[in-house]
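Student: Before anything else, here's the structure in question.
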Amino acid sequence: MTKAYTRSGVKTAVELVSFSTKNKYSTKVLDVWDEISNRYDDMISQKAATVKSSSSLVKLDASLNALAKKIRASHQNSDPKKPPLKDAKSSELCCVTKEELVEIVVGWKFAKGKPRYALFKHLNNNTDRDVEQMSANAFGLLTPLKCNDRNNADLVVESDSTANCKRALDEMTKLRGVGPATASAVLCLVRPDLFAFMDDEVIECLVEGKRGYTAKIYMDLNDKCCEIAKRLNDIGSNRKQGVEWSTHLVGKTLWTATQLGTMEKNLDFDDIYQKLQHKTPPKKDGSKKLKHHCDKDTDTFADKTPKKVQKSTINNKGAKSQDREERLAKRNGLKRKGNSGEDTRNSTKTEG
(Lines give C-alpha, C1' and ligand atoms only; values in the text may rest on other atoms or scores of the structure.)
Protein backbone atom coordinates (compact mmCIF):
# COMPACT_ATOMS: atom_id res chain seq x y z
CA MET A 1 0.00 0.00 0.00
CA THR A 2 1.37 3.40 -1.05
CA LYS A 3 1.88 5.85 1.80
CA ALA A 4 -0.21 9.03 1.59
CA TYR A 5 1.73 12.25 2.16
CA THR A 6 0.13 15.32 3.70
CA ARG A 7 2.93 17.69 2.68
CA SER A 8 3.50 18.45 -1.00
CA GLY A 9 6.68 17.29 -2.69
CA VAL A 10 7.51 14.58 -0.12
CA LYS A 11 7.37 11.93 -2.84
CA THR A 12 10.37 13.60 -4.53
CA ALA A 13 12.45 13.39 -1.34
CA VAL A 14 11.48 9.73 -0.95
CA GLU A 15 12.58 9.13 -4.55
CA LEU A 16 15.93 10.82 -3.82
CA VAL A 17 16.58 8.39 -0.96
CA SER A 18 15.44 5.48 -3.15
CA PHE A 19 17.69 6.67 -6.00
CA SER A 20 20.63 6.77 -3.57
CA THR A 21 20.01 3.23 -2.33
CA LYS A 22 19.44 1.89 -5.85
CA ASN A 23 22.77 3.34 -7.03
CA LYS A 24 24.53 2.10 -3.87
CA TYR A 25 25.63 5.59 -2.86
CA SER A 26 28.04 5.96 -5.80
CA THR A 27 29.73 9.18 -6.95
CA LYS A 28 26.69 9.61 -9.19
CA VAL A 29 24.54 9.85 -6.05
CA LEU A 30 26.92 12.36 -4.47
CA ASP A 31 26.78 14.62 -7.54
CA VAL A 32 22.97 14.65 -7.45
CA TRP A 33 22.85 15.40 -3.70
CA ASP A 34 25.34 18.23 -4.20
CA GLU A 35 23.17 19.68 -6.96
CA ILE A 36 19.96 19.48 -4.91
CA SER A 37 21.72 20.97 -1.88
CA ASN A 38 22.87 23.94 -3.96
CA ARG A 39 19.22 24.83 -4.64
CA TYR A 40 18.34 25.41 -0.97
CA ASP A 41 18.66 29.21 -1.09
CA ASP A 42 16.57 29.31 -4.27
CA MET A 43 13.82 27.29 -2.62
CA ILE A 44 13.86 29.55 0.45
CA SER A 45 13.44 32.57 -1.85
CA GLN A 46 10.69 30.84 -3.83
CA LYS A 47 8.77 29.96 -0.68
CA ALA A 48 9.15 33.50 0.63
CA ALA A 49 7.76 34.84 -2.66
CA THR A 50 4.82 32.46 -2.95
CA VAL A 51 3.59 32.06 0.63
CA LYS A 52 2.24 35.19 2.30
CA SER A 53 3.15 34.07 5.83
CA SER A 54 6.74 33.37 4.67
CA SER A 55 7.55 36.85 3.32
CA SER A 56 10.30 37.40 5.92
CA LEU A 57 11.78 33.89 5.50
CA VAL A 58 14.90 35.00 3.59
CA LYS A 59 15.89 37.47 6.34
CA LEU A 60 15.09 34.97 9.08
CA ASP A 61 17.16 32.28 7.36
CA ALA A 62 20.12 34.68 7.23
CA SER A 63 19.59 35.61 10.90
CA LEU A 64 19.49 31.94 11.86
CA ASN A 65 22.81 31.30 10.07
CA ALA A 66 24.39 34.26 11.86
CA LEU A 67 23.07 32.97 15.21
CA ALA A 68 24.52 29.52 14.46
CA LYS A 69 27.98 31.00 13.85
CA LYS A 70 27.80 32.96 17.09
CA ILE A 71 26.69 29.98 19.19
CA ARG A 72 29.22 27.62 17.59
CA ALA A 73 32.08 30.04 18.25
CA SER A 74 30.98 30.38 21.88
CA HIS A 75 30.59 26.62 22.23
CA GLN A 76 34.07 25.95 20.82
CA ASN A 77 35.57 28.14 23.53
CA SER A 78 33.62 26.46 26.32
CA ASP A 79 34.82 23.66 28.59
CA PRO A 80 32.58 20.58 28.08
CA LYS A 81 33.66 19.17 31.46
CA LYS A 82 32.61 22.31 33.31
CA PRO A 83 28.82 22.54 33.86
CA PRO A 84 27.09 25.91 33.31
CA LEU A 85 26.96 28.04 36.46
CA LYS A 86 23.46 28.73 37.71
CA ASP A 87 24.41 32.23 38.84
CA ALA A 88 26.45 33.09 35.73
CA LYS A 89 25.50 36.06 33.58
CA SER A 90 24.00 35.33 30.17
CA SER A 91 27.11 36.81 28.52
CA GLU A 92 29.19 34.15 30.30
CA LEU A 93 27.03 31.26 29.09
CA CYS A 94 26.95 29.48 25.75
CA CYS A 95 23.19 29.68 25.25
CA VAL A 96 20.32 31.19 23.30
CA THR A 97 18.37 34.07 24.75
CA LYS A 98 14.59 34.18 24.96
CA GLU A 99 14.51 36.84 22.24
CA GLU A 100 16.67 34.69 19.94
CA LEU A 101 14.51 31.63 20.59
CA VAL A 102 11.18 33.37 19.96
CA GLU A 103 12.07 35.93 17.29
CA ILE A 104 14.66 34.04 15.22
CA VAL A 105 14.40 30.28 15.79
CA VAL A 106 10.62 29.94 16.17
CA GLY A 107 9.98 32.80 13.72
CA TRP A 108 12.05 30.96 11.09
CA LYS A 109 10.38 27.63 11.90
CA PHE A 110 6.90 29.09 11.46
CA ALA A 111 7.81 30.94 8.23
CA LYS A 112 9.39 27.82 6.70
CA GLY A 113 6.72 25.34 7.80
CA LYS A 114 3.24 25.43 9.23
CA PRO A 115 2.86 28.22 11.83
CA ARG A 116 1.36 27.23 15.16
CA TYR A 117 0.80 30.61 16.75
CA ALA A 118 -0.79 29.15 19.90
CA LEU A 119 2.72 28.15 20.98
CA PHE A 120 3.74 31.80 21.44
CA LYS A 121 1.64 31.99 24.59
CA HIS A 122 3.55 29.09 26.15
CA LEU A 123 6.94 30.29 24.88
CA ASN A 124 6.40 33.72 26.43
CA ASN A 125 5.68 32.12 29.80
CA ASN A 126 9.38 31.18 30.02
CA THR A 127 11.59 33.70 31.77
CA ASP A 128 14.75 34.98 30.12
CA ARG A 129 16.75 33.05 32.69
CA ASP A 130 14.84 29.81 32.01
CA VAL A 131 15.74 29.90 28.31
CA GLU A 132 19.37 30.81 28.92
CA GLN A 133 19.90 28.16 31.59
CA MET A 134 18.12 25.29 29.82
CA SER A 135 19.86 25.94 26.49
CA ALA A 136 23.21 26.27 28.28
CA ASN A 137 22.58 22.94 30.03
CA ALA A 138 21.72 21.28 26.69
CA PHE A 139 24.81 22.70 24.95
CA GLY A 140 26.96 21.69 27.91
CA LEU A 141 26.09 18.04 27.30
CA LEU A 142 27.65 18.18 23.82
CA THR A 143 31.33 18.14 22.93
CA PRO A 144 32.40 21.36 21.14
CA LEU A 145 32.71 20.98 17.39
CA LYS A 146 36.41 21.54 16.76
CA CYS A 147 36.78 20.77 13.07
CA ASN A 148 34.79 21.00 9.87
CA ASP A 149 37.01 19.18 7.40
CA ARG A 150 35.79 15.94 5.91
CA ASN A 151 38.88 13.96 6.94
CA ASN A 152 37.94 14.35 10.61
CA ALA A 153 34.16 14.29 10.24
CA ASP A 154 33.81 10.73 11.57
CA LEU A 155 35.86 11.54 14.67
CA VAL A 156 33.61 14.50 15.42
CA VAL A 157 30.40 12.55 14.89
CA GLU A 158 31.56 9.71 17.15
CA SER A 159 32.53 12.08 19.97
CA ASP A 160 28.95 12.23 21.30
CA SER A 161 26.72 9.22 21.88
CA THR A 162 23.07 8.93 20.87
CA ALA A 163 22.28 8.98 24.60
CA ASN A 164 23.95 12.39 24.94
CA CYS A 165 21.95 13.72 22.00
CA LYS A 166 18.74 12.47 23.61
CA ARG A 167 19.67 14.09 26.93
CA ALA A 168 20.32 17.41 25.20
CA LEU A 169 16.94 17.15 23.45
CA ASP A 170 15.22 16.38 26.77
CA GLU A 171 16.90 19.37 28.42
CA MET A 172 15.62 21.77 25.75
CA THR A 173 12.08 20.38 25.91
CA LYS A 174 11.85 21.30 29.60
CA LEU A 175 10.99 24.80 28.38
CA ARG A 176 7.31 25.65 27.94
CA GLY A 177 6.16 25.49 24.33
CA VAL A 178 9.36 23.74 23.17
CA GLY A 179 8.82 20.28 21.72
CA PRO A 180 11.30 18.05 19.87
CA ALA A 181 10.87 20.02 16.62
CA THR A 182 11.76 23.40 18.17
CA ALA A 183 14.49 21.79 20.28
CA SER A 184 16.03 20.30 17.13
CA ALA A 185 16.04 23.74 15.49
CA VAL A 186 18.13 25.03 18.41
CA LEU A 187 20.47 22.04 18.74
CA CYS A 188 21.39 21.87 15.06
CA LEU A 189 22.79 25.40 15.43
CA VAL A 190 25.51 24.20 17.80
CA ARG A 191 26.17 20.68 16.45
CA PRO A 192 24.94 20.37 12.83
CA ASP A 193 26.88 17.13 12.48
CA LEU A 194 24.68 15.54 15.18
CA PHE A 195 21.25 17.13 14.75
CA ALA A 196 18.86 17.56 11.83
CA PHE A 197 15.89 19.89 11.96
CA MET A 198 12.55 18.12 12.36
CA ASP A 199 10.81 19.40 9.21
CA ASP A 200 7.32 18.01 8.57
CA GLU A 201 8.43 16.96 5.08
CA VAL A 202 11.52 15.14 6.39
CA ILE A 203 9.43 13.27 8.98
CA GLU A 204 7.10 11.98 6.26
CA CYS A 205 10.04 11.12 4.02
CA LEU A 206 12.06 9.06 6.52
CA VAL A 207 9.72 7.84 9.27
CA GLU A 208 7.22 5.03 8.80
CA GLY A 209 3.63 5.57 9.84
CA LYS A 210 1.73 8.73 10.64
CA ARG A 211 3.63 11.97 11.11
CA GLY A 212 4.21 12.80 14.77
CA TYR A 213 6.36 15.03 16.95
CA THR A 214 7.56 12.77 19.76
CA ALA A 215 11.17 12.41 20.87
CA LYS A 216 11.14 8.82 19.63
CA ILE A 217 10.10 9.89 16.12
CA TYR A 218 12.72 12.63 16.11
CA MET A 219 15.53 10.28 17.13
CA ASP A 220 14.49 7.87 14.38
CA LEU A 221 14.56 10.68 11.78
CA ASN A 222 17.87 11.98 13.14
CA ASP A 223 19.56 8.56 13.07
CA LYS A 224 18.57 8.13 9.42
CA CYS A 225 19.88 11.58 8.44
CA CYS A 226 23.12 10.83 10.28
CA GLU A 227 23.51 7.52 8.42
CA ILE A 228 22.96 9.17 5.02
CA ALA A 229 25.54 11.86 5.91
CA LYS A 230 28.13 9.21 6.76
CA ARG A 231 27.53 7.35 3.50
CA LEU A 232 27.81 10.55 1.43
CA ASN A 233 31.02 11.50 3.23
CA ASP A 234 32.44 8.03 2.60
CA ILE A 235 31.92 8.55 -1.15
CA GLY A 236 33.41 12.02 -1.06
CA SER A 237 36.40 11.16 1.14
CA ASN A 238 38.68 10.93 -1.93
CA ARG A 239 37.63 14.31 -3.27
CA LYS A 240 39.86 17.26 -2.48
CA GLN A 241 36.94 19.67 -2.81
CA GLY A 242 33.22 19.40 -2.22
CA VAL A 243 30.53 19.51 0.43
CA GLU A 244 31.10 18.02 3.86
CA TRP A 245 27.81 16.32 4.66
CA SER A 246 26.36 16.81 8.11
CA THR A 247 23.18 15.38 9.62
CA HIS A 248 21.66 18.85 9.41
CA LEU A 249 22.62 19.32 5.74
CA VAL A 250 21.00 16.00 4.81
CA GLY A 251 17.73 17.20 6.36
CA LYS A 252 17.99 20.55 4.54
CA THR A 253 18.60 18.80 1.23
CA LEU A 254 15.62 16.49 1.67
CA TRP A 255 13.45 19.54 2.41
CA THR A 256 14.89 21.24 -0.72
CA ALA A 257 13.98 18.16 -2.76
CA THR A 258 10.35 18.43 -1.57
CA GLN A 259 10.19 22.06 -2.68
CA LEU A 260 11.72 21.23 -6.06
CA GLY A 261 9.20 18.40 -6.41
CA THR A 262 6.37 20.87 -5.76
CA MET A 263 7.64 23.28 -8.44
CA GLU A 264 9.09 20.88 -11.01
CA LYS A 265 6.82 17.91 -11.59
CA ASN A 266 8.29 14.52 -12.51
CA LEU A 267 11.80 15.39 -11.37
CA ASP A 268 14.20 12.72 -12.68
CA PHE A 269 17.49 12.28 -10.78
CA ASP A 270 19.10 10.27 -13.58
CA ASP A 271 18.30 13.16 -15.90
CA ILE A 272 19.83 15.64 -13.42
CA TYR A 273 23.01 13.56 -13.34
CA GLN A 274 23.21 13.38 -17.15
CA LYS A 275 22.86 17.16 -17.39
CA LEU A 276 25.63 17.59 -14.82
CA GLN A 277 27.89 15.35 -16.93
CA HIS A 278 27.32 17.49 -20.02
CA LYS A 279 27.54 20.79 -18.19
CA THR A 280 29.88 23.17 -20.05
CA PRO A 281 32.68 24.40 -17.78
CA PRO A 282 32.93 28.19 -17.41
CA LYS A 283 34.91 29.80 -20.24
CA LYS A 284 38.26 31.31 -19.38
CA ASP A 285 38.98 34.91 -20.31
CA GLY A 286 40.65 34.62 -23.71
CA SER A 287 41.86 38.23 -23.69
CA LYS A 288 43.91 37.60 -20.55
CA LYS A 289 45.42 34.52 -22.15
CA LEU A 290 46.33 36.44 -25.32
CA LYS A 291 47.83 39.25 -23.27
CA HIS A 292 50.00 36.81 -21.39
CA HIS A 293 51.11 35.22 -24.68
CA CYS A 294 52.06 38.61 -26.18
CA ASP A 295 54.00 39.57 -23.06
CA LYS A 296 56.02 36.44 -23.50
CA ASP A 297 56.78 36.75 -27.23
CA THR A 298 57.06 40.50 -27.86
CA ASP A 299 57.29 43.82 -26.05
CA THR A 300 54.41 45.27 -28.07
CA PHE A 301 51.71 44.26 -25.53
CA ALA A 302 53.88 44.16 -22.42
CA ASP A 303 52.22 45.73 -19.40
CA LYS A 304 55.16 47.15 -17.49
CA THR A 305 57.19 48.97 -20.18
CA PRO A 306 54.35 51.07 -21.71
CA LYS A 307 53.22 52.18 -18.24
CA LYS A 308 56.69 53.47 -17.42
CA VAL A 309 56.99 55.25 -20.77
CA GLN A 310 53.53 56.74 -20.39
CA LYS A 311 54.33 57.95 -16.89
CA SER A 312 57.57 59.66 -17.93
CA THR A 313 55.83 61.32 -20.90
CA ILE A 314 53.06 62.73 -18.70
CA ASN A 315 55.51 64.04 -16.10
CA ASN A 316 57.95 65.64 -18.61
CA LYS A 317 56.24 68.94 -19.41
CA GLY A 318 59.18 70.22 -21.47
CA ALA A 319 59.08 67.26 -23.86
CA LYS A 320 55.32 67.62 -24.19
CA SER A 321 55.60 71.34 -25.01
CA GLN A 322 58.33 70.67 -27.61
CA ASP A 323 56.18 68.07 -29.36
CA ARG A 324 53.30 70.52 -29.53
CA GLU A 325 55.49 73.25 -31.13
CA GLU A 326 56.82 70.83 -33.77
CA ARG A 327 53.29 69.79 -34.73
CA LEU A 328 52.16 73.43 -35.03
CA ALA A 329 55.20 74.34 -37.18
CA LYS A 330 54.54 71.38 -39.47
CA ARG A 331 50.88 72.31 -39.83
CA ASN A 332 51.72 75.99 -40.64
CA GLY A 333 54.23 74.86 -43.26
CA LEU A 334 51.59 72.74 -44.98
CA LYS A 335 49.17 75.67 -45.03
CA ARG A 336 51.78 77.95 -46.66
CA LYS A 337 52.39 75.34 -49.36
CA GLY A 338 48.67 75.11 -49.93
CA ASN A 339 48.45 78.87 -50.41
CA SER A 340 51.25 78.77 -53.08
CA GLY A 341 49.13 76.44 -55.21
CA GLU A 342 50.83 73.17 -54.33
CA ASP A 343 48.78 69.98 -53.82
CA THR A 344 48.77 69.47 -50.04
CA ARG A 345 47.88 65.79 -50.31
CA ASN A 346 50.71 65.06 -52.75
CA SER A 347 53.12 66.96 -50.54
CA THR A 348 52.03 64.90 -47.57
CA LYS A 349 52.52 61.64 -49.46
CA THR A 350 55.97 62.71 -50.58
CA GLU A 351 56.99 63.57 -47.05
CA GLY A 352 55.65 60.27 -45.78
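The values are calculated or read from the model by the stated rules, or taken from the named source; none is laboratory data. Being a predicted model, the structure only gives us computed values, none of them experimental. Every residue, glycine as well, gets a Cβ built from its backbone with ideal geometry; the counts of neighbours run over all protein chains shown. Keep in mind that these areas ignore ligands, DNA and RNA; they rest on the heavy atoms of the full protein, side chains included. Shrake-Rupley method; radii C 1.70, N 1.55, O 1.52, S 1.80 Å.
Student: Structure shown: which of LYS24/LYS224; LYS121/LYS216; LYS70/LYS224 lie over 23 Å apart, alpha-carbon to alpha-carbon?
Tutor: Exceeds cut-off: LYS121/LYS216; LYS70/LYS224.
Student: Excluding ligands and nucleic acids, what accessible area in Å² is computed for CYS165 using a 1.4 Å probe, to the nearest 10?
Tutor: 10
Student: In what sequence, largest accessible area first, do TYR5, TYR40 appear using a 1.4 Å probe?
Tutor: TYR5, TYR40
Student: Starting from the 7 Å offset along Cα-to-Cβ, what nm value, one decimal, do you get for the label separation of ALA215 and THR50?
Tutor: For ALA215 paired with THR50, the spin-label model returns 3.7 nm.
Student: Something else: Label ASP234 and ARG116 with points 7 Å out from Cα along Cα→Cβ: what is the distance between them in nm?
Tutor: The answer from the label model is 3.5 nm.
Student: Heavy atoms only, probe 1.4 angstrom, no DNA, RNA or ligands counted: give me GLU227, GLU92, GLU201 ranked by accessible area, highest first.
Tutor: On the way: GLU227 95, GLU92 125, GLU201 20 Å².
Accessible-area ranking of GLU227, GLU92, GLU201, largest first: GLU92, GLU227, GLU201.
Student: Roughly how many nanometres apart are two label points built 7 Å out from the Cα toward the Cβ at LYS24 and VAL58?
Tutor: 4.4
Student: Further question: For HIS122, HIS278, HIS75, write out the residues from largest to smallest accessible area, computed with a 1.4 angstrom probe and no ligands counted.
Tutor: Numbers: HIS122 85, HIS278 140, HIS75 5 Å².
So, going from the largest accessible area down, we get HIS278, HIS122, HIS75.
Student: For a quick check of understanding: with a 1.4 angstrom probe and all protein chains in place, what accessible area in square angstrom does VAL178 have, to the nearest ten?
Tutor: Per-residue accessible area (VAL178): approximately 10 Å².
Student: Then there is this: For PHE120, what accessible surface area do you get with a 1.4 Å probe? Give it in Å², rounded to 10.
Tutor: 60
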